[in-house]
Structure formats: structure tokens, C-alpha cells
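> Got a structure for you, written out below as C-alpha cells; questions coming shortly.
The values are calculated or read from the model by the stated rules, or taken from the named source; none is laboratory data. Computed from a prediction, not measured in an experiment: that's the story for all the values here. Glycine also receives a Cβ, built like all others from the backbone with ideal geometry; neighbour counts cover every protein chain displayed.
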């Protein structure tokens with residue numbers, strides 16, 4: 001995680017802390033406010049852990065790309081008594 005990302009995260013946690021403080025002033029120790037406060041503390045702990053011991057970065061593997069043609073499929077693929085065109089919501093009789 002870059003320094004900018006960590007700064008943004010800390011700034012956001014600080015803003016959340018202010019919001020939860022405002023809620024606590026307004027609603028006291030209501031159960032929902034206590035849960036938000038606990039969640040905020042967990043976020044703070046996790047952010048600190050991430051900064052101190054960053055995990056190995058994961059690089060997305062794009063894999064092989066398969067070209068899908070824009071042309072309609074051959075209608076003969078969908079003819080027959082036991083064929084269901086699931087892409088169109090099931091059997092529709094004659095087309």
C-alpha cells in the first residue's frame with residue numbers, strides 16, 4: 001500500500017472518528033453507537049497492522065482472452081425436441 005493510500009485511510013478513519021463522536025454526543029451510549037465505535041477501533045487496529053506488516057501484493061492475472069464473435073449463433077444449434085435456448089428464457093416453440 002502506498003504512502004498516499006495509507007494517508008487517505010488514516011484521514012478517513014479520523015473523519016469517521018469525528019462522526020461517531022458526534023453521534024455519541026447526540027445519542028449517548030446507544031447500542032448502535034457502541035457497535036460503530038467498536039467497528040471504528042477495529043478499523044484503526046487493522047490499518048495499523050497493515051502499515052506495520054504489509055502483505056505481499058497480489059498482481060491480477062488476466063489469463064487467456066477468448067474472442068466472442070458478435071454474429072448470431074447458427075440457428076440449427078437450437079433445433080430439436082430436447083434443446084432449450086436458456087439465454088432466451090426457455091423453449092419458445094417456432095422461431
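> Do we find that residue 65 is at pLDDT 80 or above and within 30 Å of residue 17 (Cβ to Cβ) in this structure?
Numbers: at pLDDT 80 or above: yes; within 30 Å of residue 17 (Cβ to Cβ): no.
Judged against the criteria, residue 65 is not a match.
> Condition first: surrounded by 10 or more Cβ atoms within 10 Å (Cβ to Cβ), modelled with pLDDT under 95 and outside any helix (DSSP H, G or I). Now tell me which residues in the stretch 14-61 satisfy that.
Within the stretch 14-61, just 54 meets the criteria.
> Being closer than 11 Å to residue 51 by Cβ, loosely packed, with under 12 Cβ neighbours inside 10 Å and either touching a residue at least 12 places away in the same chain (Cβ under 8 Å) or over 20 Å from the mean Cα position of the chain (by Cα) (or both) is the filter here, so list the residues in the stretch 3-13 that pass it.
Taking the stretch 3-13 and keeping what is closer than 11 Å to residue 51 by Cβ, we get 3, 5-7, 9-10.
Retained after the next criterion (residues that are loosely packed, with under 12 Cβ neighbours inside 10 Å): 3, 5, 7.
If the condition is that a residue be closer than 11 Å to residue 51 by Cβ, loosely packed, with under 12 Cβ neighbours inside 10 Å and either touching a residue at least 12 places away in the same chain (Cβ under 8 Å) or over 20 Å from the mean Cα position of the chain (by Cα) (or both), then 3, 7 are the ones that fit.
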